[in-house]
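A.B. asks: The structure's right below; bear with me while I get my questions together.
Throughout, read-outs are computed from the coordinates displayed, never taken from laboratory work. Quick caveat, the model's predicted, so the values are computed rather than measured. Cβ coordinates were reconstructed from backbone atoms using ideal geometry, including for glycine residues, and neighbour counts include every protein chain displayed.
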Amino acid sequence: MPELPEVETVVRGLKKTVVDKQIKKIDVFHPKPLVNTNPVSFNRFLQNEVIRDIRRWGKYIIFEFKSQKHLVVHLRMTGKFIFLPDLTLGKSNQSNVRKHIRLHMQFKDKSYLLYQDIRIFGTFKTYATGEPLSEYHKIGPDPFSSQFTPEWLSEKLRNRHLAIKVLLLDQKIISGLGNIYVCEALHKAGINPFLPGYCLNKYQVALLISAIREILKQAIEYGGTTISDFSHIDEHSGQFQQWLKVYQKKGQLCTHCNHAIIVSEKQAQRSTFYCPTCQPADKQTVNA
Ligand SMILES: [Zn+2]
């Protein structure tokens, strides 16, 4: 599932390629991603619109049009945008890529933006001019926003008995983080993933925030992490997987302490990877 760095990579790719383009038409091949419209209305709503800007909000991708209409996309598990300067190029040398295309936007300059989604959990939601975007209220602050301070996070973790790893995955507390970067950030900060939220002291909270930002920044620089099928809009892979220290490194030597072996345990139905030496458990550590 794309996390913040992967979505940011997609947004940067889209900004470079489709901003200022005018939509000629949209063909929808599967209606499921459209959450508040149907294929005919969707095409009518965006036909002739010019894309003014594209930005990220947590893991949401926001298309802003010159008319002030908006389109908010969430890629979920397997959603993917592919930009093609013209469609014949895609047909001739990338036939495998043409599967699972759920819709495509055709621009006036004959280029295309394809939306591919194998499992179709991704969502497209339209907003009329002036309509407030409900996504802004659904999720917590972005890790790069000025709101995400040690004081703010300490307050959010106060009285929380759930494990810190589970709390960091909660998009209502902080947006954009998933399993990969939470495991990596906790390792970098030397915090045990099973430690209850309320047990983190101010020093640990500050360390955690800078670890989260550093890991995300580095992952964005490397174009995200490609574990299964994430790719850029030009179909290149991310490269950050080469720099992962704990995620999917079970049984390997920890490169930080150089003497412990990375372990993996189930935590709230997800695999948690950590180093028992760099991230020691203490008596407050919980099993959930
Ligand atoms: Zn270690």
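A.B. asks: May I ask for the angle, rounded to the nearest 10°, between helix 202-221 and the longest principal axis of the chain, with both axes built from Cα atoms and the value confined to 0 to 90°?
C.D. replies: So the inclination is approximately 40 degrees.
A.B. asks: Multiplying the sequence separation of residue 149 and residue 134 by 0.36 nm and subtracting their Cα-Cα distance, what value in nm do you get?
C.D. replies: Extra length available between residue 149 and residue 134 comes to 3.0 nm.
A.B. asks: Let me ask something else. For q values of 0.18, 0.21, 0.22 Å⁻¹, compute log₁₀ I(q)/I(0) with the Debye formula on a Cα-only model of segment 133-231, without solvent.
C.D. replies: Normalising to I(0) and taking log10 leaves -0.83, -1.11, -1.21.
A.B. asks: Let me ask something else about it. Hey, what angle do you get for helix 4-18 against the long axis of the chain, alpha-carbon based, 0 to 90 degrees rounded to 10?
C.D. replies: 20
A.B. asks: Give the long-range amide H neighbours of residue 25: residues separated by 5 or more places, or on another chain, with amide H under 5 Å away, using H modelled in the peptide plane at 1.01 Å from N.
C.D. replies: It is 106, by chain and number.
A.B. asks: Note the direction-averaged projected area, equal to a quarter of the hull surface, for the Cα convex hull of the chain, in nm².
C.D. replies: Averaged projected area of the chain's Cα convex hull equals 15.6 nm².
A.B. asks: Then there's this: Test of understanding: what is the full-extension gain from residue 50 to residue 66, defined as 0.36 nm times their sequence separation minus their Cα-Cα distance?
C.D. replies: Once the chain is fully extended between residue 50 and residue 66, it gains 5.2 nm.
A.B. asks: Modelled label-to-label distance, residue 120 and residue 19, 7 Å Cα→beta-carbon offset: nm?
C.D. replies: That separation, rounded to one decimal, is 3.3 nm.
A.B. asks: A follow-up question, please. Determine, at each q value in 0.13, 0.19, 0.22 (inverse angstroms), the log₁₀ of I(q)/I(0) that the Debye formula gives when each Cα of segment 160-288 is one equal point scatterer.
C.D. replies: Ignoring solvent entirely, the Cα scatterers give -0.52, -1.09, -1.42.
A.B. asks: Given 0.36 nm per residue, what is the gain on full extension from residue 255 to residue 236 after removing their alpha carbon distance, in nm?
C.D. replies: Working it through step by step, the gained length comes to 4.1 nm.
A.B. asks: Could you pull out every Cys in the chain that lacks a partner Cys with its beta carbon under 4.7 Å away?
C.D. replies: Taking the Cβ cut-off of 4.7 Å, the unpaired cysteines of the chain are 183, 199, 257.
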